[in-house]
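The values are calculated or read from the model by the stated rules, or taken from the named source; none is laboratory data. In this text the structure is predicted, and so the values were computed from the model without any measurement. Here the Cβ positions follow ideal geometry from the backbone for every residue, glycine too, while neighbour counts run over all protein chains shown. These accessible areas exclude ligands, DNA and RNA; they are computed on the full protein's heavy atoms, side chains included. Shrake-Rupley method; radii C 1.70, N 1.55, O 1.52, S 1.80 Å.
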Amino acid sequence: MKLIVTDIDKTLHEVDFKEDDILMHVLRDANMGILAECGGSCVCATCHVYVDQEWLSKLDGIGDDEEDMLDEAYEPNGNSRLSCQIQLSESHDGIKLTIGPKWD
Amino acid sequence: MSNRVETDVVIIGAGPVGLFAVFELGLLGLNAHVLDVLDKPGGQCAELYPEKPIYDIPAWPVISGKDLTDRLLEQIKPFLPTFHFNDLVTGIEGSVEKGFTLSTECGKTFFTKVVVIAAGGGSFQPKRPSIPGIAGFNGTSVFYAVRERETFRGKDLLIVGGGDSALDWCLNLQPIAKRVTLVHRRDNFRAVPNSVSKMKTLVRQGKMDFIVGQVSKLCGTGGQLQSAVIKTKEDAIEMTCDRLLPFFGLTMKLGPVSDWDLELDGNQIKVDTATFSTSKPGIFSIGDINTYPGKLKLILSGFHEGALMAHAAKALTHPEERVVLQYTTSSKNLHKKLGVA
């Protein structure tokens, strides 16, 4: 199964994933340019991604913790998610997303 | 306190691993000074997740970051560590033969036999938004912390963020500022409800403003901010202001560590797993900041690394002594050190 990732330089990548993978781990291991400083505890917002509109509804809803933490993401919008909070499954094969912009 | 300190060990980083290193070093009779860029002990546990439960600390089925920090502080108390908060080690010079001299941002100098880098993900720094042109205003019109409240008297302030720092400074600076406008991306806040309701009362009374939106552009000349463009759901508003205070939390930077001529692997310091020595004898590294084959970034791994480091540091600084492993259950010598004899 694959993710379609647009990185910070607008380059397109296809990245493999397996059932039950955490999106943040997949992006980090593929060097897609996310920091994920807290290692997946939903306390730092440095694994911020924008999920393409058509795929948003296929993800589990956003939790209060994640919504709160998005306050510390750079330029969040309605498509923003923290990739550490997304567990992937078969229904996400082909999901399109863009890596969020970085802080200085 | 004097600006010149002599000690056996300087530990850089007061996170859980740095704190436990005080204990392991203390058992071997080595005294430590501990520095941290934060204003309190606990590192990530204190700064990022004080209230979040941790489930993988041996013998603690569940413990919060804050409780773990408090317990460690209690455990290391007998060894009388000296803490230096809000300070950053900028330079390390010297060698294991001559000893090391450390200089800090606050102008302190440490003379030490060994150095232990337990700096986690690096030093915490405020997150700086990459708003076009912002660099030209840093330190003159844009501030990421309030050092002197008075410098904001009579100013037209734009405060950005929805956490405790943003709300606290709105409430704190509102009485002395010419005007305070809070900008946040949504009408919900992470800050404590009490601050939020105080802020909303001020807004109702017309004493400050709140805008749901994001700052997208800064305008001004010569470091002097004149206005900011705020993108809202509907459109963009240009607001006059002369100070911008963004509060988006902290991020970790490797910082000066990268200039210390240590062998690195990316942002991690390479160590020998028998001693946790870096490529420079006398400088050790433990916890999240180091790397070696099989490394796991776990607090419990950092504790183990601290114990091995302490024995290696003792052997290095006291070559004439044989370092023997003693048990805290039975050693009278250790009981004396722990103050339980």
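Considering the range B:233-301, its Cα convex hull presents a mean projected area of 9.1 nm².
Protection proxy ranking for B:312-320, B:230-238, using the average of other Cβ atoms within 10 Å per residue and placing the highest first: B:312-320, B:230-238. Each helix, a run of at least 4 DSSP H residues, gives -39500 (n - 2.57); summed and divided by the residues of the protein assembly as shown, these come to -6000 deg cm²/dmol at 222 nm. Estimated translational diffusion coefficient (Stokes-Einstein, Kirkwood radius over Cα pairs, 4 °C, 1.567 mPa s) of chain B: 58 µm² per second. Cross-linked pairs B:K200/B:K233; B:K40/B:K314; A:K2/B:K127; A:K2/B:K253; B:K77/B:K295: Cα-Cα separations exceed 22 Å for B:K40/B:K314; A:K2/B:K127; A:K2/B:K253; B:K77/B:K295. Stokes-Einstein diffusion of the range A:2-99 at 20 °C, 1.002 mPa s viscosity, Kirkwood radius from Cα pairs, rounded to a whole number: 163 µm²/s. The gain in end-to-end length when the B:Y327 to B:K217 segment is fully stretched comes to 33.4 nm, 0.36 nm per residue minus the alpha carbon separation.
Using the alpha carbons alone, the radius of gyration of the range B:128-248 stands to its Kirkwood radius in an Rg to Rh ratio of 0.93.
Between the beta carbons of B:S103 and B:K178, assuming R0 = 30 Å, the FRET efficiency works out to 0.15 to the nearest 0.05. Counting Cβ atoms of other protein chains within 10 Å of each residue's Cβ and taking the mean over peptide A:40-49 gives 4.
Remark: the range A:2-99 carries 47 Å² of accessible area per residue (probe radius 1.4 Å; ligands, DNA and RNA excluded).
Subtracting the Cα-Cα distance of B:E263 and B:L300 from 0.36 nm times their residue separation leaves 10.9 nm of extension gain. Of the complete DSSP H runs in chain B, those spanning 18 angstrom or more by Cα along the long axis with a mean Kyte-Doolittle score not below 0.0 are B:299-317.
Extending 7 Å from Cα along the Cβ direction at A:N79 and again at A:K18 yields two label points whose distance is 3.0 nm. Across peptide B:247-253, the mean count of Cβ atoms from other chains lying within 10 Å of each residue's own Cβ comes to 5. Peptide packing for B:90-100, A:25-35 was compared via the average number of neighbouring C-beta atoms within 10 Å per residue; ordered from the highest value, the list is A:25-35, B:90-100.
Model label points for A:Q53 and B:S64, set 7 angstrom from Cα along the Cα-to-Cβ axis, are 4.2 nm apart. Here the range B:128-248 is assigned +1 on the Cβ of each Lys and Arg and -1 on the Cβ of each Asp and Glu. Its dipole about the Cα centre then comes out at about 200 debye.
Once the gyration tensor of the Cα atoms in the protein assembly as shown is diagonalised, the equivalent ellipsoid follows with semi-axes of 41, 28, 20 Å, ordered largest first. Taking both sides together, the accessible area buried where B meets A is about 2000 Å² for a 1.4 Å probe. Can you compute the label reach from B:H335? Point 7 Å from Cα along the Cβ direction, backbone N cut-off under 20 Å, restricted to the range B:69-110. Only B:75-79 fall inside the zone, counting backbone N under 20 Å. Accessible surface computed residue by residue for the range B:164-266, with neighbouring protein chains in place and a 1.4 Å probe, gives 50 Å² per residue.
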